[in-house]
Amino acid sequence: MGNDDLQRLVQRRLLELASSTQAASRRAQWAVAPETIAHIAAGRHSGMVSERLAAALARALDVPENRVRRVAGLPLVEDPGADICTGPHLRVVRDDGRLA
């Protein structure tokens, strides 16, 4: 996996979040500059992704850190939340408007 995978991840998450690089940087508490996020999204980031950048980028994109680490070719870290099964919490509503 290489820079193309990281580029696609950044592009897709910015689109999914309807977010600017500025807002993404703010989500990461400015640990990664908006310009860096823009460079990665444009495919102009040629350097290796450090562990620190991977963690900050994960916060900026609102994804688990291991998702960024995987596409960046970094070793995965222990994630206690990875085994938590989540799903949509839906309620069935009958035609008469009552909950089933």
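Laboratory data are not the source of any read-out in this text; all were calculated from the coordinates shown. Please read these numbers as outputs of a predicted model, since none were measured by experiment. As a convention, Cβ positions derive from the backbone with ideal geometry for all residues, glycine included, and neighbour counts pool all protein chains shown.
Can you give the charge dipole size of the range 1-72 about its Cα centre, rounded to the nearest 20 debye, using +1 on the beta carbon of Lys and Arg and -1 on the beta carbon of Asp and Glu?
100 debye
Any idea what log10 I(q)/I(0) is at q = 0.14, 0.22 Å⁻¹ for the range 1-72, Debye with uniform C-alpha scatterers and no solvent?
Taken in order of the listed q values, log10 I(q)/I(0) reads -0.32, -0.86.
Select from the range 9-63 those trypsin sites (Lys or Arg not before Pro) which occupy a DSSP coil region and have at most 12 other Cβ atoms within 10 Å, ordered by residue number. Write out the running numbers ahead of the final one.
Working: sites: Arg12, Arg13, Arg26, Arg27, Arg44, Arg52, Arg59; in loops: Arg44.
Within the range 9-63, the qualifying trypsin sites (Lys or Arg not before Pro) (loop, at most 12 other Cβ atoms within 10 Å) are Arg44.
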